[in-house]
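First up is the structure itself, then whatever we jot down about it.
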Amino acid sequence: MILSDKMILLGIEKGEIVIDPFHADCLGTNSYDVHLGKYLAVYKDRVLDARRHNEIELFEIPEEGYVLNPGTLYLGVTEEYTETHAAVPFLEGKSSVGRLGIDIHATAGKGDVGFCNTWTLEISCTQPVRVYRGMPIGQLIYFEVEGEIVNYYNTKKNAKYNVRTDKPVESMMWKNKF
């Protein structure tokens, strides 16, 4: 079941959902709008290797915006820091963003119960498009969890994305054993 606006607010009141900064006008009927943070990153190497640490080049989006180009994976970040302790958060792109030809995540739209951080965005586009820091970029939707939770993300020893940051985070696939 998807949480309604009233249930999202109740979750915030109970400390089960944290959104910082929180702005009431960003709360929709059953979602919360998140915004593009000031940082983007691109991988330094054109060919990425899943077994090694692929380094990124980080930069700030200037006031006049930044033009994204097709064929490049950009890592972005949400302005909002979030915590979710009793629901499953899903990040989806806003339809207005999709209509500009921008995808905000390749595969990682679902968060885990216990995820406490900003969201790294896996941004790609179909044609050149200028983006701006602070622009609405996506929406968080919360799904109710049924049953007891044993393995919260923020307490897992092997969780790779637990360090709080306001910058995009590169893939940590290389930390897996395969």
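Values quoted throughout were computed directly from the atomic coordinates according to the rules given, and no laboratory measurement underlies them. For clarity, every value in this text was computed on a predicted model and none was experimentally measured. Cβ atoms come from the backbone with ideal geometry, glycine included; neighbour counts cover every protein chain shown.
Brief remarks on what is shown
- Calculated FRET value between LEU10 and ASN154, using beta carbons and R₀ = 25 Å, to 0.05: 0.75
- Exposure proxy for THR107, THR165, THR126, THR118: other Cβ atoms within 10 Å of each Cβ, ordered fewest to most, give THR107, THR126, THR165, THR118.
- Ranked by the mean number of other Cβ atoms within 10 Å of their residues, highest first, the peptides 54-60, 91-97 come out as 91-97, 54-60.
- Dipole magnitude of region 1-152 about its Cα centre (Cβ charges: Lys, Arg +1; Asp, Glu -1), debye to nearest 20: 500 debye
- Judged by the ratio a/c of the largest to the smallest principal axis of the C-alpha gyration tensor, the chain counts as oblate, that ratio being 1.5 or greater while a/b is no larger than b/c.
- Proximal charge balance of LEU140 [Cβ under 10 Å; K/R count +1, D/E count -1]: -3
- Leading residue at positive end of dipole, region 31-178 (Cβ point charges), from SER171, TYR152, ILE141: SER171
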